[in-house]
Amino acid sequence: MSILARGTSLLFATHNAGKVEEARALVEPFGVRLISAADLGLPVPEETESSFEGNACLKASAATALTGLPALADDSGLCVDALDGDPGVRTADWAEVPGGRDFGVAMERTHAALMERRALQPWTASFRCVLALSLPGKECQVFAGRVDGVLVWPIRGVLGHGYDPMFCPEGETRTLAEMSLAEKNRISHRARAFDLFIARCFT
């Protein structure tokens with residue numbers, strides 16, 4: 001029996017349009033209507049936890065508490081081996097600029113940190129994603145996905161979002177930003193977490 005029946009409205013607790021586009025493509029085949037926190041004008045909760053799991057559950061639970069809807073949230077980030085796992089759970093913070101977030105700045109900052117440490121190539125890294133599903137009156141369920149790869153410089157590609165132009169998945173010669181959405185959705189960290197979420201919730 002499916003946890004989320006066809007016709008269910010699922011709130012994706014994010015204001016990131018790129019994440020919403022990816023998630024909508026993954027869940028709509030199951031008859032679930034995805035709406036975003038931005039669609040409802042919900043506030044962005046402060047991410048105070050020290051792990052991807054903690055922040056994902058915090059965001060999902062806050063969205064359910066405000067709306068009464070089933071809510072899905074993700075916390076994801078880039079972990080660079082030569083930077084001791086940074087930026088990690090603070091990935092979005094590395095993109096903060098006056099007036100919002102600029103991941104071009106974040107990628108430049110990451111490259112500068114690698115240069116400062118004189119890190120030898122290949123610059124191995126992993127994208128990690130934890131999805132948390134909050135249902136009214138129940139504890140969060142979590143689903144984790146990961147993709148390993150290397151960072152490239154200069155950046156390549158204009159598709160995707162976030163660090164995609166800097167990240168080349170293991171076994172690929174293209175960055176995530178050089179792949180179509182369909183190609184990315186077959187291998188990305190978020191897609192892998194969604195595979196686990198879909199297997200649990202729709203089968």
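The values are calculated or read from the model by the stated rules, or taken from the named source; none is laboratory data. Quick caveat, the model's predicted, so the values are computed rather than measured. Counting neighbours? That spans all protein chains shown, and the Cβs are built from the backbone with ideal geometry, glycine included. Just so you know, the surface numbers come from the protein's heavy atoms only, side chains and all, with ligands and any DNA or RNA stripped out. Shrake-Rupley method; radii C 1.70, N 1.55, O 1.52, S 1.80 Å.
Quick notes on this structure:
- Just so you know, in segment 8-35 the residues that are surrounded by fewer than 19 Cβ atoms within 10 Å (Cβ to Cβ) and small (Gly, Ala, Ser) include one that is farthest from ALA73 (Cα to Cα), and it is GLY31.
- Test: residue in segment 118-138 that is open to solvent by 70 Å² or more (accessible area, probe 1.4 Å), closer than 21 Å to GLU22 by Cβ and free of Cβ contacts under 8 Å to residues at least 60 places away in the same chain: no
- Here ARG146 does not qualify as at pLDDT 95 or above and on the phi > 0 side of the Ramachandran plot.
Per-residue answers, yes or no, for (1) buried (at least 19 other Cβ atoms within 10 Å of the Cβ); (2) more than 14 Å from the chain's Cα centre (by Cα); (3) in contact (Cβ under 8 Å) with a residue 12 or more places away in the chain:
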position	(1), (2), (3)
LEU58	yes, yes, yes
ALA65	no, yes, no
SER76	yes, no, yes
VAL80	yes, yes, yes
THR91	yes, no, yes
PRO98	no, yes, no
THR110	yes, yes, yes
